[in-house]
1. Using Cα pairs under 8 angstrom and six or more residues apart, how large is the relative contact order of segment 136-182, in percent?
2. Counting each DSSP H run of 4 or more residues in the chain as -39500 (n - 2.57), what helix-only mean residue ellipticity at 222 nm follows after dividing by all residues, to the nearest 500 deg cm²/dmol?
3. Separation of segment 99-171 and segment 289-313 by C-alpha centroid, Å?
4. Rounded to a whole number, what % of the accessible area of the chain do carbon and sulfur atoms account for, probe 1.4 Å?
5. Just need the relative contact order of the chain here, percent rounded to a whole number, with Cα pairs under 8 Å and 6+ apart.
6. Grab the alpha carbons of segment 258-330, take their convex hull, and tell me the volume per residue in Å³.
7. For mean projected area of the Cα convex hull in nm², the choices are (1) 17.4; (2) 19.7; (3) 15.2; which was calculated from the structure?
8. By a straight-distance test (C-alpha under 14 Å), which aspartates and glutamates pair with residue 241 as possible cross-link partners, with residues fewer than eight away in the same chain excluded?
Amino acid sequence: MPRKQKPMYSGRTIFSFEKISVYLQWLILVWILFFQAAQLPASQYWPQAQWRTASPESQGMSSRVLAELFHAVEKDEYEIDSVIIVRNGYVVLESYSQLQGPHFRHQTHSCTKSIVSALVGIAIDEGYIESVDQSVLDLFPEKFPRIKNSDKEKITLRHLLMMATGLACEDSVRYDFKGLKSMWQSDDWVQYMIDLPLIETPGTRFEYCNGASALLTAIIQKTTGMSGFEFARRHLFNPLKIEDVHWKSNHGITIGYSDLTMRPLDMARFGYLFLHDGRWNNHEIISDEWVKESTQKQISTTQTDGYGYQWWVMAPDRYGARGAHGQRIFVLKDKDM
């Protein structure tokens, strides 16, 4: 049976949902008294070990609307583990179920893909990868497709990023992950992918493909000499002070499509990095060119307005990472959220 989880609502102190309506005004008053000290412009603020907090009202949001959100969660018994909202650099809402808390790591599922995209951008910025227009086969000169097809040489890193390989992946929910299950049985995921039949011209149509994301971390390892996880620790997680993180590998290669576990507050750090065009502590972690290119529509989809480089695009300046079972990282640049 589905578990019934009572959500909790918090600033720094965490309260049970049943007390929200009683404590809401008092909680806002506490926030205003204790957390509305000099509010730096968001562009000058970077989270250290802790985020700064503020009342929703002080950041132009409504506590009433947020309370209604939790009433809806309780009424319909949604299995929501956590909700965090950051606006103008302030955590205005931080909520966890009674079974989890701030230090509980979540399996982010396919949100992992957006982090892998960021790593590809860093690898290009650092000169490990020439460009997104490199041929995938050229990146693995020791690999040869079992069935020769010269058009496979046209598959580029860009096509992997935008989920338009032209390969018969068949590893999405549409196919009951048939292809993904087949890839799991292979000892060499790179070889498995380049052996797939090419059924259409690369770059012409979006087709969700976990194997394409698996190739991305294989490419990072091939070009940098580090696993995707090692590269992420050095160039992404450490600069963002993300320490409590784990990422599985398969046959020595970090899994590029899933299996990254991290705290929700650290997922927010990653979103905040993109909100600020790839800068952290006034240092460039990812080039603003990559942030812009990877989060704008590159190809049409039937699920959202479009797809970038492993990011779902909802509208101009609004995009998100999406994973199974409701894992989400939304970035709303026009709202500084």
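1. 23 percent
2. Roughly -9000 deg cm²/dmol at 222 nm, from the helical runs in the chain.
3. What the calculation gives is 15 Å, centre to centre.
4. 51 percent
5. After rounding, I find 18 percent.
6. 95 Å³
7. (1)
8. Residue 241 reaches 266.
The values are calculated or read from the model by the stated rules, or taken from the named source; none is laboratory data. Just so it is clear, the structure is predicted and the values come from calculations on it, not from any experiment. Keep in mind that these areas ignore ligands, DNA and RNA; they rest on the heavy atoms of the full protein, side chains included. Shrake-Rupley method; radii C 1.70, N 1.55, O 1.52, S 1.80 Å.
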